[in-house]
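*Asks:* After the structure tokens below, expect a handful of questions from me.
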Amino acid sequence: MQLNCQDFLRLVEKNGSLIFWDTESQGREGDYGRMYIVSVKPFNKPPVTLNIGENAQDKGLVKEAKDLLDKADCWVTFYGKGHDVPLLNTRLIRWGYPPLNTVHHIDMYFQLKYKLKTGRKSQAHLLEFLQDTMISLGIPPEKKMSVSPNVWSDLWSDYKKNIKILIDRCASDTVGLEALYKVCRHLIRDIKS
């Protein structure tokens, strides 16, 4: 039996196995950088946010993130196929762990890139553009939280303050991602791993 895409989405929403997730990291590459934060938000539930410890090692963080993500039947990310998944897999392999399990993956960047004709394709722009639509649909409007580049580069100079900012940013990104998904869900016609 094969489910159509919208039926599958209703199913994973209902059983709590649809997960929105995002990362914050040092740099764009997994060999020279590391993970700072991973936020995992089950559908219609608050985000769970994991962070790097003061020891500056992300070994435990990436393993905990993998354990949470591997429980899902479907992920939703924004450019996760191009950044978050390969970065997390690189850090997992660095520490001798197997990569993430392959699950159904909705990358909202690729879902919307060719379905909407907008001047910019970022999550921040789409959330801003769709703010009135969210309000009219009863979805709390979300905005992307901006963060100074110094928070990433100077994380260790004031760890407690800077890590709190990154935790808030990453968690809010998953909340915004869920809002974007809810507004654009009807446009999703296929889901690939």
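*Asks:* Hey, if you put +1 on the Cβ of every Lys and Arg and -1 on every Asp and Glu Cβ in the range 5-187, which of LEU187, PHE20, GLY176 ends up farthest toward the positive end of that dipole?
*Replies:* Comparing the listed Cα positions along the dipole, LEU187 ranks first.
*Asks:* What residue among LEU126, LEU100, LEU137 has the largest mean-square fluctuation in a Gaussian network model of the chain, using Cα springs under 10 Å?
*Replies:* Of LEU126, LEU100, LEU137, the Gaussian network model singles out LEU137 as fluctuating most.
*Asks:* Quick one: if you stick a label point 7 Å off each Cα along the C-beta vector at THR102 and ASP168, how many nm between them?
*Replies:* 4.1 nm
*Asks:* A follow-up question, please. Take ASP73 and LYS143, extend 7 Å from each Cα along the Cα→Cβ direction, and tell me the distance between the two endpoints in nm.
*Replies:* Result: 3.7 nm between the two label points.
*Asks:* Can you give the angle from 0 to 90° between the axis of helix 159-184 and the longest principal axis of the chain, with both taken from C-alpha atoms, to the nearest 10?
*Replies:* Result, in degrees: 10.
*Asks:* Still on this model: Whole angstrom only: what separates the Cα centroid of the range 159-185 from the Cα centroid of the range 73-114?
*Replies:* Here the answer is 17 Å between Cα centres.
*Asks:* May I ask for the angle, rounded to the nearest 10°, between helix 85-94 and the longest principal axis of the chain, with both axes built from Cα atoms and the value confined to 0 to 90°?
*Replies:* On a 0 to 90 degree scale, this one is about 30.
*Asks:* Still on this structure, I have one more. Report the label-to-label distance for LYS63 and GLN131 in nanometres (one decimal), using points 7 Å from each Cα along the Cα→Cβ vector.
*Replies:* That separation, rounded to one decimal, is 4.3 nm.
*Asks:* Continuing with this model, one more query. Give me D for the chain in µm² s⁻¹, whole number, from Stokes-Einstein with Rh from the Kirkwood sum over alpha-carbon pairs, 25 °C and 0.890 mPa s. Can you show the working numbers first?
*Replies:* Working: Rh = 17.2 Å.
Result for D is 143 µm²/s.
*Asks:* In debye to the nearest 20, how big a dipole does the range 86-186 give about its Cα centre with +1 on each Lys and Arg Cβ and -1 on each Asp and Glu Cβ?
*Replies:* Details: 15 positive and 9 negative charges, 47 e Å.
Roughly 220 debye, rounded to the nearest 20.
*Asks:* Greater than 23 Å separation of Cα atoms is the criterion. Which listed pairs, LYS59/LYS81; LYS14/LYS113; LYS14/LYS41; LYS41/LYS71, meet it?
*Replies:* Numbers: LYS59/LYS81 21 Å; LYS14/LYS113 27 Å; LYS14/LYS41 14 Å; LYS41/LYS71 12 Å.
The answer is LYS14/LYS113.
*Asks:* Working from Cα positions, state the angle (0 to 90°, nearest 10) between the long axis of helix 5-14 and the longest principal axis of the chain.
*Replies:* 60 degrees
*Asks:* Would you work out the relative contact order for the chain, in percent, from Cα pairs under 8 angstrom that are 6 or more residues apart? Don't skip to the answer; put the middle values down first.
*Replies:* Values: 297 pairs, mean separation 48.9, N = 193.
The value is 25 percent.
*Asks:* Going by how many other Cβ atoms sit within 10 Å of their own, how do ARG10, ARG120 line up, fewest first?
*Replies:* Working: ARG10 13, ARG120 10.
Ascending number of Cβ neighbours within 10 Å: ARG120, ARG10.
*Asks:* Could you list VAL40, VAL12 in order of exposure, starting from the residue whose Cβ has the fewest other Cβ atoms within 10 Å? Intermediate values should be presented prior to the final figure.
*Replies:* Numbers: VAL40 24, VAL12 21.
Taking fewest neighbouring Cβ atoms as first place, the list is VAL12, VAL40.
*Asks:* Using +1 on the beta carbon of Lys and Arg, -1 on that of Asp and Glu, and nothing else charged, what's the dipole of the chain about the Cα centre, debye to 20?
*Replies:* Working: 28 positive and 23 negative charges, 72 e Å.
That gives a dipole near 340 debye.
Read-outs: derived from the displayed coordinates by stated rules, not from any lab. Note that the structure is a prediction, hence the values are computed from the model and not measured. Methodologically, a virtual Cβ is constructed for each residue, glycine included, from the backbone with ideal geometry; neighbour enumeration extends over all protein chains shown.
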